[in-house]
Amino acid sequence: MIQSINIKTAMKWLTAEQALKFLGVRSQTLYANVSRGKIRAKPDPADPRRSLYNGNDVARLAERWPGRRPAETVATQAIGWGDPVLPSGISTVANGRLWYRGRDAVQLAESATLEEVAALLWQTSAMRAHADPAVAKSAHTGTPIGRLLSAVSERAAIDPPSRGRSSAVLKSEAELLFGRLLDASLGTVTARSDLPVHTRLAKAWRKPKAQDILRRTLVLLADHELNASTFAVRVAASTGASLSACLLAGLATLTGPLHGGAARALSSLLDAARQNGANEAVREWLGRGEPLPAFGHPLYPEGDPRAIAIMRHVKLSGMFLAVRIAAEDLTGEPPNVDFALAALADAYALPRQAPFVIFALSRSVGWIAHALEQIAAGQLIRPRARYVGPALAKEHT
């Protein structure tokens, strides 16, 4: 039975035994909530091999409020993996599966290309990534991430606002923008523009055997309803910003370590595992109170179907396998798509920034679909903030 936690208890740091007693859960569940960032942890000063858990976080999870939730609570919780906040006909997560306009994304990945998924999500007859000669002049300079950001920021500075422009014109512009992103990410425009995206990536990276797994992965990453970068895109689109500016908002958000940059955090975890062993590395990571990168997903309690679909075709190297086993044993959380993407890059010896490039290229298809949908809705997204600052000064009468 979950025990009540008084104010004094909630203010202090708890041992694992105390936290488990209050929550009434197994140790795996405690570690999983640490991994998800729901419970903060820190090393025990008296014994660095042990961890302490934040009492406030434990109290928040342990409490079960009866009755109807106030509207403010509902709105606040909706922002963090909560209830849907706006209507969309593009994609959804239901019954542990990802769906694109009513079609199972995993099933689509068996044979579809990213271009075909783009046509489905954009509701157009076909999509073709057109080469942009302007990108060719500087495509070989800088990092892939830098080139992607530059490719859209250059257009965002000069493209007209989206408001009032027809859907047909915007979709035509979207093809040009996607082609610009593809050329920038490749660092070259020598690959034939009539080839599908996965083939052009495989050719540019000189990994012909990776063509099919790249195709599958691009399809599976094309959209994921209102993730952080997609919501940023929709906010920009709701203001009437240009399509290129909307993509820039998405790319900027994607660079964060809790989103598209998760592969970098996983790389750090793998480095620690090589030095100290997988079990010790995972325990130490959780002990610092940091969410375990690339494991677990709030929308997929039974496992991320995208990761499962990708890893069916990827042979894990020894260290990837060791970290996976250690993480699952300690937290009960299976690997998510970030882990699968990093494992794919490792298995096929892709360039270091390939996971981000694959993610950004694929997800730009979904961003464009959401931008088009939000532009058509013609409604400004403007949520309210719950004020928690100093008391408001009283007016003198």
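Those residues that are surrounded by fewer than 16 Cβ atoms within 10 Å (Cβ to Cβ), hydrophobic (A, V, I, L, M, F, W, C) and within 19 Å of the chain's Cα centre (by Cα), I need them from the range 87-132; list them, please.
A94
Out of the residues in the range 262-302 that are in contact with a strand residue (DSSP E or B) (Cβ under 7 Å, 6 or more places away or on another chain) and part of a helix (DSSP H, G or I), which is farthest from L14 (Cα to Cα)?
Looking at the filtered set, the residue picked out is L286.
Return the total of residues in the range 324-341 being surrounded by fewer than 24 Cβ atoms within 10 Å (Cβ to Cβ) and among the small types (G, A, S).
2
Yes/no matrix, rows are residues, columns are (1) surrounded by 17 or more Cβ atoms within 10 Å (Cβ to Cβ); (2) within 22 Å of the chain's Cα centre (by Cα); (3) of a type outside the set (S, T, N, Q); (4) not assigned by TED's automatic domain parsing to the domain that holds R384:
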| position | (1), (2), (3), (4) |
| --- | --- |
| P161 | no, no, yes, no |
| G164 | no, no, yes, no |
| F231 | yes, yes, yes, no |
| T253 | yes, yes, no, no |
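Return only the number of the condition from (1) within 26 Å of the chain's Cα centre (by Cα); (2) farther than 18 Å from H370 by Cβ; (3) modelled with pLDDT of 90 or more that P144 does not satisfy.
Among (1) within 26 Å of the chain's Cα centre (by Cα); (2) farther than 18 Å from H370 by Cβ; (3) modelled with pLDDT of 90 or more, P144 violates only (3).
Picking from V357, V323, V314, which residue would you name as being assigned to a loop (DSSP other than H, G, I, E, B), out of contact with any His (no Cβ under 7 Å at 6 or more places or on another chain), assigned by TED's automatic domain parsing to the domain that holds V282 and β-branched (V, I, T)?
V314
Residues L270, L286, L258: which one is aliphatic (A, V, I, L, M) and within 16 Å of the chain's Cα centre (by Cα)?
It is L258.
Could you please tell me which pairs satisfy a Cβ distance under 7 Å, a separation of 6+ or placement on different chains, a first residue in the range 46-59 that is surrounded by fewer than 16 Cβ atoms within 10 Å (Cβ to Cβ), and a second residue that is among the aliphatic types (A, V, I, L, M) and modelled with pLDDT of 85 or more?
Within 7 Å, no pair qualifies.
Among the residues of the range 204-256 satisfying the criterion of being touching a Ser or Thr at 6+ places or on another chain (Cβ under 7 Å), charged (D, E, K, R) and in a loop (DSSP other than H, G, I, E, B), which is farthest from S362 (Cα to Cα)?
My answer is E225.
Tell me, please, whether a residue that is in the same structural domain as G332 (by TED's automatic domain parsing) and within 28 Å of M127 (Cβ to Cβ) can be found in the range 279-287.
Among the residues of the range 279-287, not one is in the same structural domain as G332 (by TED's automatic domain parsing) and within 28 Å of M127 (Cβ to Cβ), which makes the answer no.
In this structure, is H259 at pLDDT 90 or above, part of a loop (DSSP other than H, G, I, E, B) and assigned by TED's automatic domain parsing to the domain that holds V357?
In short, no.
Between a first residue in the range 324-339 that is farther than 13 Å from D304 by Cβ and a second residue that is crowded, with 22+ Cβ neighbours inside 10 Å and of a type in the set (F, W, Y), which pairs have beta carbons less than 6 Å apart while being 6 or more apart in sequence or on different chains?
A327/F295; L330/Y31; T331/Y31
Between residues in the range 298-323 that are surrounded by fewer than 18 Cβ atoms within 10 Å (Cβ to Cβ) and residues that are in a loop (DSSP other than H, G, I, E, B), which pairs lie under 6 Å by C-beta distance while being six or more apart or on different chains?
Every condition considered, the pairs that remain are P298/W81; E302/G96; G303/P334.
The values are calculated or read from the model by the stated rules, or taken from the named source; none is laboratory data. These figures come from a predicted structure and were not determined experimentally. Don't worry about glycine lacking a Cβ; one is built from the backbone with ideal geometry, like all the others, and counts go over all protein chains shown.
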